[in-house]
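Structure first, commentary second.
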Amino acid sequence: MNRQTVHRRLLEMMALAVLIMTGLAGCSYLSIPAKDDVVSWPLVQKSKNGAPVYNSAVIKGRITGAAKDGPSTLVIAARADSRELADSLVANQTGAFMLYLPAGRYHFYAAADYNDSGTYEPDELSGVHGSFSAPQTITLHENDLVANIVIRTVRPNANPAGPALETALPKTPDCVRQVTYNGQVFKIYHDYFSLQNAQTGYWQPSSFMKVFGAHIYLTEEYSPRKIPILFVHGTEGSPHNWIYFYTRLDRNRYQPWFFFYPSGIRLNLAASLLDEELGELQKKYGFQKMALVAHSVGGLTTRSFLTRFVRNGHHPFIKLFVSFATPWSGFSAADASQILPHKSIPVWMDLGTQSPFIKTTLEDKMPPDVRHYIFYGKNDALCGNKALDERATAGAAEIFAFNCDHTSILNDRRVFSKFHEILDRELGTAK
């Protein structure tokens, strides 16, 4: 048996081990739906046909003109070439929406069951991005985020397209409603942030995006006298991971915010969503100083955001980045997961040690005006020496080691004390 064959067998065994460990952990591995099942690298390299088309891009927009006392407004994504329904959801209470779609060309419509018949009919199409005679086509590629899509609604029965768009309509008005929006205020203990929802965001990100989207949440009304501290969770994470920090944070000086997103999506897409949602809140509130705090893979998402969107002077209000137990080098198991065709969620494509995401994210320089502090656990079996990858540590202001593991680092008195000391030293007052 030659060396190459041995190497391949070892990788196949590692991949099998991943499957077995997942099953033992009781996760939803085998229930990954087709829209979240990405093609593995060998199939991409061999250009085989029939590879699954998975959700990989986001459209963000809003509905205008809908009557507040009228029926709920449905947002429809139709394939531009065939006019067939691609996906739909009911916009949230503000009229905003996020749709998670595969790469492709789309038209976007609004509809409502005006006659309460239990079905959507062609004359109930009430809005379009563009015009009904010439709807605007949006082309999406993998990892794209296209924002500011506006669907202007008109009065009922004013759709001149008629039956020509019947194939774009859902068969029933019983559609999923997007329940949250960016900047919404929730208590950190809210059921939306539950472990079950966090796991859904990892294993079935399309289901998560349909209900929650990917937003930043506040735990109290915004105060210009306080400095925002934005916490970013990692794999299968939620704001609940930060409860220890939340309850001990000096609430007279700081206001805790939380980015809650489906951790199974591609990491560059997660970084783009973070950029979009944070920029929206800064435009609304005008704060001039803030910190980003991330755990585990959330540190990779945050570093990608910083190197892609902040490095060139964008978001100058970000002054500090603190990361906890981040596996900067990625995981060999993620490399192994791409060797054989099998069910695979999108984020696994980015977490391999040789993935283009890891290479680019670590080789790109951090913004010079953002101070980065690295915390890691000496007993962290998950990260190991990945937490000390020199590509990440070389630019760090300081590195701290504690006798913690991957999870307990967020529940340790000494860790929090050092963290709070850094906040006070680096951020000063709100202005």
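Descriptive notes on the structure:
Here's the yes/no breakdown for (1) of a type in the set (K, R); (2) open to solvent by 50 Å² or more (accessible area, probe 1.4 Å); (3) outside any helix (DSSP H, G or I); (4) closer than 18 Å to T94 by Cβ:
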{"position": "G183", "(1), (2), (3), (4)": "no, no, yes, yes"}
{"position": "Q196", "(1), (2), (3), (4)": "no, yes, no, no"}
{"position": "S207", "(1), (2), (3), (4)": "no, no, no, no"}
{"position": "V211", "(1), (2), (3), (4)": "no, no, no, yes"}
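- Top-ranked residue of segment 104-120 - restricted to ones that are in contact (Cβ under 8 Å) with a residue 24 or more places away in the chain and surrounded by fewer than 16 Cβ atoms within 10 Å (Cβ to Cβ), ranked as farthest from R177 (Cα to Cα): R105
- Considering residues of segment 351-366 that are open to solvent by 10 Å² or more (accessible area, probe 1.4 Å) and polar (S, T, N, Q) only, the residue nearest to D389 (Cα to Cα): T353
- Which listed residue is in contact with a Cys (Cβ under 7 Å, 6 or more places away or on another chain) and either part of a helix (DSSP H, G or I) or not β-branched (V, I, T) (or both), from H406, H420: H406
- Across segment 135-157, the qualifying residues are those that are of a type in the set (A, V, I, L, M, F, W, C) and within 29 Å of L273 (Cα to Cα), and the one among them that is surrounded by the most Cβ atoms within 10 Å (Cβ to Cβ) is I151.
- Within segment 367-380, the set of residues being at pLDDT 95 or above and open to solvent by 40 Å² or more (accessible area, probe 1.4 Å) comprises R371, Y376, K378, N379.
- One residue stands out in segment 406-431 among those that are among the hydrophobic types (A, V, I, L, M, F, W, C) and more than 17 Å from W242 (Cβ to Cβ): the one that is least open to solvent (accessible area, probe 1.4 Å), namely L427.
- Answer from I265, I229 - the residue that is farther than 19 Å from K187 by Cβ and hydrophobic (A, V, I, L, M, F, W, C): I265
- You will find that of S304, S272, the residue that is assigned to a helix (DSSP H, G or I), within 16 Å of I216 (Cβ to Cβ) and open to solvent by less than 30 Å² (accessible area, probe 1.4 Å) is S272 and no other.
- Of all residues in segment 200-226 being among the aliphatic types (A, V, I, L, M) and over 17 Å from N143 (Cα atoms), the one that is nearest to the chain's Cα centre (by Cα): I216
- Among the residues making up segment 220-244, those that are part of a loop (DSSP other than H, G, I, E, B) and open to solvent by less than 10 Å² (accessible area, probe 1.4 Å) are H233, G234, G237, S238.
- Tally of residues being over 18 Å from T302 (Cα atoms) and open to solvent by 10 Å² or more (accessible area, probe 1.4 Å) across segment 381-405: 9
The values are calculated or read from the model by the stated rules, or taken from the named source; none is laboratory data. This structure is a prediction, so every number in the text was calculated from the model and none was measured. Virtual Cβ from ideal backbone geometry, glycine too; neighbours counted across all protein chains shown. Heavy atoms of the whole protein, side chains included, go into the accessibility calculation; ligands, DNA and RNA do not. Shrake-Rupley method; radii C 1.70, N 1.55, O 1.52, S 1.80 Å.
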